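The values are calculated or read from the model by the stated rules, or taken from the named source; none is laboratory data. All figures in this text were calculated on a predicted structure; none of them were measured in a lab. Neighbour counts run over all protein chains shown; Cβ positions are idealised from the backbone, glycine included. Heavy atoms of the whole protein, side chains included, go into the accessibility calculation; ligands, DNA and RNA do not. Shrake-Rupley method; radii C 1.70, N 1.55, O 1.52, S 1.80 Å.
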Amino acid sequence: MEVVQVLHMNGGVGETSYAKNSLLQQKVITMTKPITEDAITKLYCSKYPDEIAIADLGCSSGPNTFFLVSELLKVVDSVRQKIGQKSPEYQVFLNDLPGNDFNTIFRSLSDFQNKLRKQLGPGNGPCFFTGVPGSFYGRLFRKNSLHFVHSSYSLHWLSQVPQGLESNKRNIYMASTSPPDVLKAYYVQFQKNFSLFLKCRSEELVDGGRMVLTLIGRRSDDPSSKECCYFWELLAIALGDMLVEGLIEEEKLNSFNIPMYTPSPAEVKYEVVKEGSFNIDRLEVTEVNWNAYQDEPDLSDAFKDGGYNVAKCIRAVAEPLLASHFGEGILDEVFRRYREIISDRVSKEKNEFVNVTVSLIKA
């Protein structure tokens, strides 16, 4: 599987699109907003730059892309007005892999810019947007050209499926039944990717530049713990049932593995310290319910079904990976089964994603 070619969220604005099923990711951005606001405020107040270059890495498409940008710009504008500074000009880079739906982003750009101008009022500097397709596990920008880098729910994705997973049969990710060599292979791939990410960003950020990164992670020292692997284990159950019924091939299931790693805070800290280009300002852990619509008011009957909500969220993320490996013909059936399994589990227990957020300063 060429991850760079097939890893992207569902495009467009249809029922299974990421744009329509990314409330959970928006809640995570909101939860980590105090860390992001603190970082951009400290960055601005350290030098009062005439221009600020911001990169959102793994921007995807849909409302969250502009939600993050607008929050950052509103923070800077509020601070500069309080201290009587002229507004800087903004350059915003939106990065994701080439398969991302950049068309949907830029079709809605004009409306967003008009809305932003009304929110910020007169005196705010111009804001220029550029799409940057490519992997963030390599250089994307000129040296010393960025002031602030943000990435949310992207860096847990790996550049490739780790090597040596042949013994991980009937699993599609790290699981309680995965052999130790499988867990090690995933961790080694994460180390390679994350250290390379840090090295590339250290070259692109100005001295004193900042990054805020949020990944799906775990509190446990066990990389196969339920808190980070359970939602993939349940999808593996749905696929396993389809195998038993002859709907998919055994070789196909045994060769499918999710290119993802959910690190602990200690693992993130270790890689940052080892790479050496950044100092850690903050390192925090939060949780968010699998069901993003939990406690939301005025829901339709469909959205009151936790299994429905979680299955649609995961489908918007995982469908391109599944389609490229098994074919599009299984998608409706596998997610129908997944919804039933999830509905059963969430009715009996509380399940949450663990988020690891780190705020970094270029040393």
- Task: Answer yes if at least one residue in the stretch 101-114 is outside any loop (DSSP other than H, G, I, E, B), open to solvent by less than 20 Å² (accessible area, probe 1.4 Å) and within 30 Å of Ser195 (Cβ to Cβ), and no otherwise.
- Result: yes
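For the stretch 21-32, state whether one or more residues are at pLDDT below 55, surrounded by 14 or more Cβ atoms within 10 Å (Cβ to Cβ) and either within 19 Å of Thr104 (Cβ to Cβ) or under 18 Å from the mean Cα position of the chain (by Cα) (or both).
Taking the stretch 21-32 and keeping what is at pLDDT below 55, we get 21.
The next check asks that each one be surrounded by 14 or more Cβ atoms within 10 Å (Cβ to Cβ); those that pass are 21.
Imposing the further condition that a residue be either within 19 Å of Thr104 (Cβ to Cβ) or under 18 Å from the mean Cα position of the chain (by Cα) (or both) reduces the set to 21.
Scanning the stretch 21-32, I find at least one residue that is at pLDDT below 55, surrounded by 14 or more Cβ atoms within 10 Å (Cβ to Cβ) and either within 19 Å of Thr104 (Cβ to Cβ) or under 18 Å from the mean Cα position of the chain (by Cα) (or both), so the answer is yes.
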- Query: Can you name the residue in the stretch 208-228 that is of a type outside the set (S, T, N, Q), assigned to a loop (DSSP other than H, G, I, E, B) and in contact (Cβ under 8 Å) with a residue 24 or more places away in the chain and, of all such residues, is least open to solvent (accessible area, probe 1.4 Å)?
  - Reply: Arg218
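Being within 24 Å of the chain's Cα centre (by Cα), modelled with pLDDT of 90 or more and part of a loop (DSSP other than H, G, I, E, B) is the filter here, so list the residues in the stretch 129-154 that pass it. Step through it out loud before you land on a result.
To start, the set of residues in the stretch 129-154 that are within 24 Å of the chain's Cα centre (by Cα) comprises 129-142, 145-154.
If we keep only those that are modelled with pLDDT of 90 or more too, we end up with 129-142, 145-151.
Hits for the stretch 129-154 are Gly134, Ser135, Phe136, Tyr137, Gly138, Arg139, Leu140, Phe141, Arg142, Ser145.
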- Task: Return the residue satisfying two criteria in turn: it lies in the stretch 230-260 and is within 20 Å of the chain's Cα centre (by Cα) and outside any loop (DSSP other than H, G, I, E, B), and of such residues it is nearest to Lys143 (Cα to Cα).
- Result: Met260
- Task: Could you please find all residues in the stretch 37-61 being at pLDDT 90 or above and either part of a strand (DSSP E or B) or touching a helix residue (DSSP H, G or I) at 6+ places or on another chain (Cβ under 7 Å) (or both)?
- Result: Glu37, Ile40, Thr41, Tyr44, Cys45, Glu51, Ile52, Ala53, Ile54, Ala55, Asp56, Leu57
- Task: Would you check which residues across the stretch 278-337 are modelled with pLDDT of 80 or more, open to solvent by 60 Å² or more (accessible area, probe 1.4 Å) and either aromatic (Phe, Trp, Tyr) or in a helix (DSSP H, G or I) (or both) and list them?
- Result: Gly329, Asp332, Arg336
- Reported set for the stretch 157-200 where residues are open to solvent by less than 30 Å² (accessible area, probe 1.4 Å) and within 17 Å of the chain's Cα centre (by Cα) is Trp157, Leu158, Phe190, Asn193, Phe194, Phe197, Leu198
- Query: On the given criteria, is Arg139 crowded, with 21+ Cβ neighbours inside 10 Å, basic (Lys, Arg) and under 18 Å from Gly58 (Cβ atoms)?
  - Reply: no
- Query: Of the residues that sit in the stretch 208-229 and are modelled with pLDDT under 85 and not acidic (Asp, Glu), which one is nearest to the chain's Cα centre (by Cα)?
  - Reply: Cys228
- Task: Please go through the stretch 229-251 and pick out each residue that is open to solvent by 30 Å² or more (accessible area, probe 1.4 Å) and either in contact with a Lys or Arg (Cβ under 7 Å, 6 or more places away or on another chain) or not charged (D, E, K, R) (or both).
- Result: Ile237, Asp241, Val244, Gly246, Leu247
